[in-house]
1. Would you please give the residues with an amide H less than 5 Å from that of Val136, counting only those at least 5 places away or on a separate chain, with H modeled from the backbone geometry?
2. At most 12 other Cβ atoms within 10 Å and a DSSP loop assignment: could you name the trypsin sites (Lys or Arg not before Pro) in the range 88-169 that fit?
3. Let me make sure I get this right: for the range 22-137, a, b and c are the square roots of the gyration tensor eigenvalues over alpha carbons, sorted descending. Under 1.5 in a/c it's rounded, otherwise prolate if a/b > b/c, else oblate. Which is it?
4. What FRET efficiency do you get for Glu164 and Gln134 if R0 is 22 Å and r is their Cβ-Cβ distance, rounded to the nearest 0.05?
5. With θ taken as phi - 60° and the coefficients 6.51, -1.76 and 1.60, list the Karplus ³J(HN,Hα) couplings across the range 134-139 in order, rounded to whole Hz; mark glycine and proline as x.
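We did not get these values from a lab; they are worked out from the coordinates using the rules stated. This structure is a prediction, so every number in the text was calculated from the model and none was measured. Positions of Cβ are backbone-derived with ideal geometry, glycine not excepted, and every protein chain shown enters the neighbour counts.
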Amino acid sequence: MQKRPSLVILFAAALLLGGCDPTYNWRDYSSADAPYRIMFPAKPATHTRSVDLNGMQVEMTMTAAEVDGIMFAVGTGIAPDAARAQAALAAMKTAMLRNVGATVQRESARAAGGSTGAARASVDIEAVGSAKGQPVTLRGHFEAQGKRFYQVIVMGRAQAVQAEQADQFISSFKLL
């Protein structure tokens, strides 16, 4: 008789552990290069390179992690002035869409004064495209505050990108 309760407990524990998804190992990340925090689903790597954003040459730092072929990334840069930082949003969005031949399915934009008095603007998109002959989903948040600009993206095979993980990643992005 005593074996039955222990079997029930073992079975319940197995069900609970089976429901956990070890694929996503969420961790808090604070950038050393730019004032932001975000939750990455795996240990990210960072690199910096020069990019051309519609004629503006900038050093852009990318911090990214990949889980099951899905890329979770944050890119940051500094423009010469606030107006060019806001113009960088459109350039980054266009470049990301062009990279995968994507069509925007949903887009929203906001503009406001920032907490530090610096102008702040953001654009959020959901898009579909293709890479290597496979359909891909792109979710992006592009933001500028003062002279700094950011891109927060989730991109991967359309059937693999889950709204829950994309939402968690993008909504965890906070400027400090």
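1. Under 5 Å from the amide H of Val136: Gly129, Ser130, Ala131, Ala158.
2. Numbers: sites: Lys93, Arg98, Arg106, Arg110, Arg120, Lys132, Arg139, Lys147, Arg148, Arg157; in loops: Lys132, Lys147.
Hits after loop and neighbour filter: Lys132.
3. Numbers: a/c = 1.58, a/b = 1.19, b/c = 1.33.
Oblate shape, in that a/c is at least 1.5 and b/c is the bigger or equal ratio.
4. Values: r = 21 Å, r/R0 = 0.97.
Computed FRET efficiency for Glu164 and Gln134 comes out at 0.55.
5. Whole-Hz 3J(HN,Hα) from phi for the range 134-139: 10, x, 10, 10, 10, 10.
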